[in-house]
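What follows is a single structure, written as structure tokens, with notes after it.
The values are calculated or read from the model by the stated rules, or taken from the named source; none is laboratory data. Not measured: the values here are computed from a predicted model. Reconstructed Cβ throughout: ideal geometry from the backbone, glycine too, with neighbour counts over all protein chains shown. The protein model used for the area step is the full one, side chains on, heavy atoms only, and it has no ligands, DNA or RNA in it. Shrake-Rupley method; radii C 1.70, N 1.55, O 1.52, S 1.80 Å.
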Amino acid sequence: KMARMERNLMLQLVSMFLMGVILGTLAEDELFATTHMEMFVDELPDMPRIRGFDVVNGVPVSKSLKIGMFHKKWKFHRDLPLTPVFAFGTSKRTATVPGPTIEALHGIDTYVTWQNHLPSQHILPWDPTIPTAIPSTKLGIPTVVHLHGGIDEPESDGNAHSWFTARFKERGPAWTKKRYHYHNFQQPGNLWYHDHAMGLTRLNLLAGLIGAYIIRHPHVEAPLGLPNGDEFDRALVIFDRAFRSNGSIYMNSTGNNPSIHPQWQPEYFGDVIIVSGEAWPHMIIRKRKHRIRIINASNARFFRFYFTTGLEFFHTASDSAYHEQPATRRELLLAPSEIADVVVDFSKSNSDQAILANDAPYPYPSGDPVNEANGKVMKFLVKKHREVDTGRIPKELIKYPSPDVSGSSVTRYIAMYEYTSAIDEPTHLFINGKSYEEPATEKPKVGTTEVWNVINLTEDNHPLHIHLGLFVVLDQTKLVNLDEFKACMLNTNDAIKCQVNKYASGKKTKVPEHEQGWKNVYKMTPGYVTKIFVRFSYIHSNTSYRFDATAEPGYVYHCHILDHEDNVMMRPLKFVH
């Protein structure tokens, strides 16, 4: 009898333990409701600024930085518990999400040793059934940093296979070196740095491995007279997240095709909009012109920004290059990784508050409409008294060479495919019907220009990013009889054999004025052929690259919806002399 009582007690204890585990798991998976987070209560933080140069006897000289990746906790909102994150910084104490803004000078080299101090296990679920960087010991988190928009040597480009774990203990098959060299010998503009490890980019960025990088050229930029100084020139890194009730970042751990990919989902969306490390912050702003560098650092969310009060954006630069002339806009559509450099004149505000809002469907363009949470971004609190304003919006900015299609050496056709399962759910995405591991088929000659016809055969808008190259969008043409053309492409994967010119005969969409300059990312409209003029040389100078672009491990081009890039809408890009 005693033995039976002990056995029953043990069973009860086991049952209680299992129930506790189940309840704990349920609690962990419970989403933190956005209605529990009051908007606009936290002030917008200003990320630390790190100079990528030293000054010796009044002369700027090159500088070496050591920037680490740390596991720490971050406060995204007053009402949200602390969140475990991965953060960039010069120390764990000073590490932030996003990381410090690196300010470089044109023509002055910056060297960065990116150091991995991350734990042995990830804070987010990852899926080994997609092509993924996996250490041989199964321990350690692979990372590698890409400077998005940088025109730099292949060894410092952050190739997906150049990953490394903590203390460089394990290294990827294309690992190059510890200290990256950023030449900063390109046009002045906005860049950003982020992780680029194979199959883990979406996770490592979700965890927080992002940061702004600005190349300044005072001799060229000062005469423009744009608002300047830390108070009047701010970078806003904007992204979306979802959180559990315990404060941790929520990511669905079940895939849309769980029998094929247990975890991978085609897009990540969260209802909480984060601006430079705070959810729906406010910013007290003077009644004058302010320069705002907006970086969309979301995994998959497009933003269509507008002010609820009708304020205008004076669009001065797109991605990493200035326009020839500013363009006036009431709204801005930014795909993941696109950058808009704008001036907003708050002296024109007819209210002491201006809410920056968003109305882009998700997935873009045919997904769900925004809701009360993800339709708001941040609030500007405008001081009442008008101030002396030394900033201006010039009529002319910087003129770079115009595209000369007749001088292009090669015309290419780049097709985007999405493949689905028997239940019509995406399984993977390819460019030109090829996986990333297949040999490079795009081998441009250094210093030349090419015309790429990007054929989007999917239902999603894909932001195409080309490493090293800059391009101008020429036009977008709708495909007619799309199903017929798509069937031929899926069968032959040859645009010329499938008579692409016959099908690319629908209406043409004009490139918006503010996107007619040089870019490194552009939105490839579904069911269209987007013609771009790509330049593999500097746009501000006729000089050759200051490095060997033909070196290994080469470069890549890919969709910048990170869930697509990871599985695996990315192709190698190798250069020849």
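The residues Glu372, Glu338, sorted by heavy-atom accessible surface at 1.4 Å with ligands and nucleic acids left out, run Glu372, Glu338 from largest to smallest. In the assembled protein chains, Ile423 presents an accessible area of approximately 110 Å² (probe radius 1.4 Å). Compute the relative contact order of the chain as a whole-number percentage, counting only Cα pairs closer than 8 Å that sit 6 or more residues apart in sequence. RCO, the chain: 14 percent. The value given for region 519-562 is a Kirkwood hydrodynamic radius of 13.6 Å, derived from the mean inverse Cα-Cα separation.
Size of region 449-502 from its Cα atoms: along the principal axes, largest to smallest, the extents are 34, 23, 19 Å.
Highest mean first, the peptides 32-40, 491-499 sorted by other C-beta atoms within 10 Å per residue fall in the order 32-40, 491-499.
When the listed pairs Lys399/Lys519; Lys445/Lys507; Lys486/Lys508; Lys63/Lys395; Lys66/Lys169 are checked against a 25 Å cut-off, the alpha-carbon distance exceeds it for Lys445/Lys507; Lys63/Lys395.
The stretch between His117 and Lys508, if pulled fully straight at 0.36 nm per residue, gains 135.8 nm over its current Cα-Cα span.
Accessible surface comparison of Asp79, Asp404, probe 1.4 Å, protein chains only, largest first: the order is Asp404, Asp79. Can you spot the aspartates and glutamates whose alpha carbon is less than 16 Å from Lys384's alpha carbon? Ignore those fewer than 8 places along the same chain. Filter leaves Asp345, Asp352. For region 78-230, a Kirkwood hydrodynamic radius built from all Cα pairs, placed in the Stokes-Einstein relation at 25 °C and 0.890 mPa s, yields a translational diffusion coefficient of 148 µm²/s. Sequentially through region 312-318, phi angles give Karplus couplings (6.51, -1.76, 1.60; θ = phi - 60°) of 9, 9, 9, 7, 9, 7, 10 Hz, Gly and Pro residues having no value and appearing as x. Highest average first, the peptides 515-528, 281-294 ordered by how many other beta carbon atoms sit within 10 Å of their residues are 515-528, 281-294. Share of carbon and sulfur in the accessible area of the chain stands at 53%, probe radius 1.4 Å. With a simple spin-label model that places each label point 7 Å from the Cα along the Cα-to-Cβ direction, the separation between Thr390 and Ala422 comes to 7.0 nm.
Taking every DSSP helix (H) stretch of at least 4 residues in the chain, weighting each as -39,500 (n - 2.57) and dividing the sum by the residue count yields a mean residue ellipticity at 222 nm of -3000 deg cm²/dmol. For the residue pairs Lys75/Lys379; Lys478/Lys523; Lys178/Lys434, alpha carbon separations beyond 21 Å are given by Lys178/Lys434.
Accessible surface for the chain, divided over its residues, is 40 Å² per residue with a 1.4 Å probe. Distance between the 7 Å Cα→Cβ label points at Ser91 and Val59: 3.3 nm. Once both labels are positioned 7 Å from their Cα atoms along Cα-to-Cβ, the gap between Asn501 and Asp548 label points is 4.0 nm. Using C-alpha pairs below 8 Å separated by at least 6 residues, the relative contact order for region 440-522 is 42 percent. In units of the compact-protein estimate 2.2 N^0.38 Å, the chain shows a Cα radius of gyration of 0.99. From the largest down, region 231-350 spans 55, 33, 22 angstrom on the principal axes of its Cα atoms. Across region 136-153, computed HN-Hα scalar couplings (Karplus, 6.51 cos²θ - 1.76 cosθ + 1.60, θ = phi - 60°) run 4, 7, 6, 10, x, 9, x, 9, 7, 9, 10, 8, 5, x, x, 9, 9, 4 Hz from first to last residue, x flagging Gly and Pro. Among 549-560, 312-323, sorting by the average number of other beta carbon atoms lying within 10 angstrom of each residue, highest first, gives 312-323, 549-560.
Note on region 467-577: semi-axes of the ellipsoid equivalent to its C-alpha gyration tensor, largest first and rounded to whole Å, are 28, 19, 14.
The calculated Kirkwood hydrodynamic radius for region 355-498 is 19.9 Å, given to one decimal from all distinct C-alpha pairs.
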